[in-house]
Amino acid sequence: MSSAPWWSSEELWRKTAFLVTALMFVILIFLTFDTLEQISAGSDRVPDYSVINKRISYNFDADRNFQVPVIGDAEPLFGKALSDEEAEALVTHGKKVIQGRNCMNCHTLLGNGAYFAPDLTKSWLDTSWGSAAAREDLMLMFLMDPETNARTFGTGRKMPDLGITEEEGRAVIAFLKWMAAIDTNGFPYNFKPIPQGGES
């Protein structure tokens with residue numbers, strides 16, 4: 001007669017492991033679909049691509065205790081309003097340029113990447129561009145010729161010339177503007193945005 005307690009049975013733990021694994025698999029499937037719904041363009045926190053036709057600012061939300069993007073009046077990128085399809089195509093092209101040039105090897109985007117160069121998550125709103133009025137042109141000049149238009153801020157680090165064309169530069173800027181409109185729960189923390197329009 002065995003004196004081993006019931007809870008030490010190998011069969012019990014085999015069945016328990018199977019049931020726990022099956023339950024976790026179902027939960028993982030649910031969380032995957034829930035996450036995809038929340039991070040897709042057009043959701044509550046990730047705006048449609050056509051947001052690049054609007055002014056994007058970053059204001060403190062006292063209820064949430066951090067900065068959140070605010071979508072404002074019409075302010076088309078490079079002065080040209082785009083249809084939903086055109087905006088999606090331009091933002092997608094910009095994303096592919098960023099991926100193709102491996103920008104995350106030096107930069108951080110939405111918390112992913114490296115910390116050698118500035119975080120690009122809210123770069124559209126970065127005060128280093130001087131003013132909102134000059135931002136688009138300054139960004140484009142920088143992307144096309146980073147050596148001449150370098151902004152090292154005393155670090156001595158410079159972006160290499162990646163051979164970005166004007167078309168690619170405009171697409172990258174569209175992607176960066178769209179990304180700045182994503183509600184990232186206050187990430188990056190303590191980011192100070194560029195004043196927009198009549199703001200000071």
Discussion item. Any residue that is surrounded by fewer than 16 Cβ atoms within 10 Å (Cβ to Cβ), out of contact with any Pro (no Cβ under 6 Å at 6 or more places or on another chain), among the hydrophobic types (A, V, I, L, M, F, W, C) and free of Cβ contacts under 8 Å to residues at least 12 places away in the same chain - is there at least one of those in segment 141-152?
Written reply: yes
Worksheet item: Any idea which of LEU125, LEU90 is buried (at least 18 other Cβ atoms within 10 Å of the Cβ), at pLDDT 95 or above and closer than 17 Å to LEU140 by Cα?
Response: LEU90
Worksheet entry | Unmet criterion (only one of (1) farther than 23 Å from VAL97 by Cα; (2) hydrophobic (A, V, I, L, M, F, W, C); (3) in contact with a Phe, Trp or Tyr (Cβ under 7 Å, 6 or more places away or on another chain)) for LEU125 | (1)
Fill in: Scope segment 33-54; condition modelled with pLDDT of 95 or more and out of contact with any helix residue (DSSP H, G or I) (no Cβ under 8 Å at 6 or more places or on another chain); matching residues
LYS54
Practice prompt. May I ask you to list pairs of residues, at least six apart or on different chains, whose Cβ atoms are under 8 Å apart, with the first in segment 44-65 being closer than 25 Å to LEU82 by Cβ and the second being basic (Lys, Arg) and not in a loop (DSSP other than H, G, I, E, B)?
Written response: VAL51/LYS177; ILE52/LYS177; ILE56/LYS177
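For every residue, the table says whether it meets (1) in contact with a helix residue (DSSP H, G or I) (Cβ under 8 Å, 6 or more places away or on another chain); (2) in a loop (DSSP other than H, G, I, E, B); (3) over 20 Å from ILE39 (Cα atoms).
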| site | (1), (2), (3) |
| --- | --- |
| MET104 | yes, no, no |
| LEU140 | yes, no, yes |
| ASN149 | yes, yes, yes |
| PRO160 | no, yes, yes |
| GLY163 | no, yes, yes |
| THR184 | no, yes, no |
| PRO188 | no, yes, no |
Worksheet item: Taking segment 52-74, which residues are surrounded by fewer than 13 Cβ atoms within 10 Å (Cβ to Cβ) and of a type in the set (Phe, Trp, Tyr)?
Response: PHE60
Worksheet entry | Selection within segment 77-91 - part of a helix (DSSP H, G or I) and in contact (Cβ under 8 Å) with a residue 24 or more places away in the chain | LEU77, PHE78, ASP84, ALA87, GLU88, LEU90, VAL91
Worksheet entry | Residue within segment 106-124 that is in a helix (DSSP H, G or I) and closer than 30 Å to THR155 by Cα present | yes
Item to complete: Can you work out which of the residues in segment 109-122 that are surrounded by 16 or more Cβ atoms within 10 Å (Cβ to Cβ) and without any contact (Cβ under 8 Å) to a residue 60 or more places away in the chain is farthest from the chain's Cα centre (by Cα)?
Response: ALA117
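The values are calculated or read from the model by the stated rules, or taken from the named source; none is laboratory data. Bear in mind that the values here come from a model prediction, so they are computed numbers and not experimental data. Reconstructed Cβ throughout: ideal geometry from the backbone, glycine too, with neighbour counts over all protein chains shown.
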